[in-house]
1. Tell me, what HN-Hα J-couplings in whole Hz come from the Karplus equation 6.51 cos²θ - 1.76 cosθ + 1.60 at θ = phi - 60° for each residue of the stretch 204-214, using x for Gly and Pro?
2. For the cross-link pairs Lys21/Lys166; Lys417/Lys501; Lys96/Lys501; Lys124/Lys485; Lys178/Lys214, which exceed 22 Å when the distance is taken from alpha carbon to alpha carbon?
3. Over the stretch 1-86, with the other protein chains present, what is the accessible area per residue in square angstrom, probe 1.4 angstrom?
4. Taking the highest mean first, how do the peptides 111-117, 466-472 order by number of other beta carbon atoms within 10 angstrom per residue?
5. Reachable aspartates and glutamates from Lys300, Cα under 12 Å, same-chain residues fewer than 8 places away excluded?
6. What's the ranking of 222-230, 317-325, 597-605 by average number of surrounding C-beta atoms within 10 Å, highest first?
7. Peptides 440-451, 410-421: what's the order by average Cβ count within 10 Å, highest mean first?
8. How many percent of all Cα-Cα pairs in the stretch 33-128 sit more than 16 Å apart?
Amino acid sequence: MSREKIVVLDFGSQYAHLIAKRFRMLGYYSEIALPSADVESLAGAKGIVFSGGPASVYDENTPDFNSEILNLDIPILGLCYGHYIVQLGYNGKVGKGDVGEFGFATLNFADGMGGAESKCPLFKGIEGDQQVWMSHQDTVFQMGDDFEVVGSTKDCPYAATQNLAKRRFSLQFHCEVKDTPCGNQIFQNFADYCGMEKNWDQDTVLNIILENIKKEADGRNVLLFLSGGVDSTITFALLNKALGQDRVLGLHIDNGFMRKNESANVAEAYRKFGFTNFIVEDASESFLKAIAGLTDPQKKRMAVGENFITVRNEVTARQNLDDSWLLAQGTLYPDIIESGGTKNSHTIKTHHNRVAGIQELIAKGLIIEPIRDLYKDEVRAIGKKLGLPDELVMRHPFPGPGLSINVLCNDGKPDAKNEEELPLAQKELDEIKLDMFCEKCTASLKRSILPVRSVGVQGDFRTYRFPALLTFREEGNGFYHFPDKREKIEECSSTITNSAKYINRTCIKLYQKPDIADRDLKIQEGYCDRRRLDQLREVDNIVLTELHKSGWYDKIFQHLTIDLPYASCADHATFVLRPVISEDVMTARFAMLPKDLLNTIVHKIAELPFVDALYFDATNKPPATFGWE
């Protein structure tokens, strides 16, 4: 007899597995399936959720969908792209909207659709206007037959709809992300409406992972890449628990892209916890050589990933490890999604654990990835269940490529596309109405475009666009005013990125050397070499040290320091502070640091002779990714 479940049809959304995860966290077993799945394969489903996706419904190459699923006599909930599929299935009309929505929006309920006596089962017990998270350009122009409006936003009249006779619901927003606070209640209400009984818990998850490790290892030993980050550390603990330390070897590769004293600190933390089955390999020269001269972020990531395989092969040969050893990785589901690793998803950025060499090993069955279906907060919960200390479990994420992806590179040559699009980006920025700040801030506000590109994600697509730079009044000695109110900064940032075709980030100037004019800052030829990495390490260490001292390290999810080749001369640089708050990596908000802490950090960084300017990245995800590459 099949297990009762909620089935999520994956149309390629960045958040498809997050939907399943939310139901599991609520205590309901949930599975992912393709939208082309046979109706028979959905046996045991008490309800079905259609995920979002990167395609437009009017594109030529849309995900295959088995329309017979709409004939099933069970509740169906469509989200974003799934919202369109539901509407089209009942003769609705969908097209590209005049205005896209990326980030926060306010959902207003139609009469009688919210509260304890809601006429919409999804919103029972949810009172008043609700913050929701949007990521769409397409929109519903006409609802399907017999659907009614449940809720709307200022730019989306059909943000929530229902057809109770058919037991069909569709929402334009993403209720699976934490930035839609009522999302869990919506899912709980949907599960109740489906008649689901609770049948899933954390102990079950842990037991399944341990059993899968034993099954996949099948008597073989396992070598694990240890970056020192949360994911690889908890994977190491899981492997040791499932197989024993005598069958597991951790390999920490110092690739030259580590934070200041990172490798020594990682080794000490492991030894303190009782891990003795690991070795440290200094391969910094090998990795620096692998990315020498590269400027494209995708090529740089792939070079780092392929070199991990090269170093792995060299180490296994020296350690006399034969071909029976499997390779393990602390891959998370977001790594797979952002690398375009599901049938209908688009590549946002290629993670080092999804390059060609790794894919070949996966195809041969030589890779174990115990946490590949989990998200960061789930992994941390597993780590605590295993007894790991907060020192290891609550560390800020630090991916395998390390600081290399925080050093933006440029060959110094004119770029025709940039020269064409920079004026267009400036023009659209100048035309955007920004009236959310106080009179004093608005009077001093200057707008410019940074002549570098960064990776972003909008509507499940990868973007590679320019950051906007906002400059407020100068307060003396090169330090600039930073607005006090988060909601004003957030509104401004979202307004810019929602309205712009060429912009995917919003930055605020914090400092610029008093003797350097704006015109003196130019793109410099610069690559990811030891000098630039050492400079970045110094700036990054100031930030992390102050975060620890103030107690704010544990209040934010991650801080990244970005090095831009934008300076007055080749051996100087501009740096960007990027503190973020997130629970699941798939969405994030910039962290608003206390004024005194931010001032301390900025003043200490300004003392470094190679720092020409310092900016703050005030962009949420979406439309920006965490890092710039």
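1. 4, 4, 4, 4, 5, 4, 5, 5, 5, 4, 4
2. Flagged as over cut-off: Lys21/Lys166; Lys124/Lys485; Lys178/Lys214.
3. That works out to 35 Å² for each residue.
4. By packing density, highest mean first, the sequence is 466-472, 111-117.
5. Output for Lys300: Glu629.
6. Final packing ranking: 222-230, 597-605, 317-325.
7. Packing proxy ranking, top to bottom: 440-451, 410-421.
8. When every Cα pair of the stretch 33-128 is considered, 66 percent fall beyond 16 Å.
The values are calculated or read from the model by the stated rules, or taken from the named source; none is laboratory data. Everything numeric in this text was worked out from a predicted model, so none of it was measured. Every residue, glycine among them, receives a Cβ derived from its backbone with ideal geometry; neighbour counts consider all protein chains shown. These area figures cover heavy atoms from the full protein model, side chains too; ligands, DNA and RNA do not enter into them. Shrake-Rupley method; radii C 1.70, N 1.55, O 1.52, S 1.80 Å.
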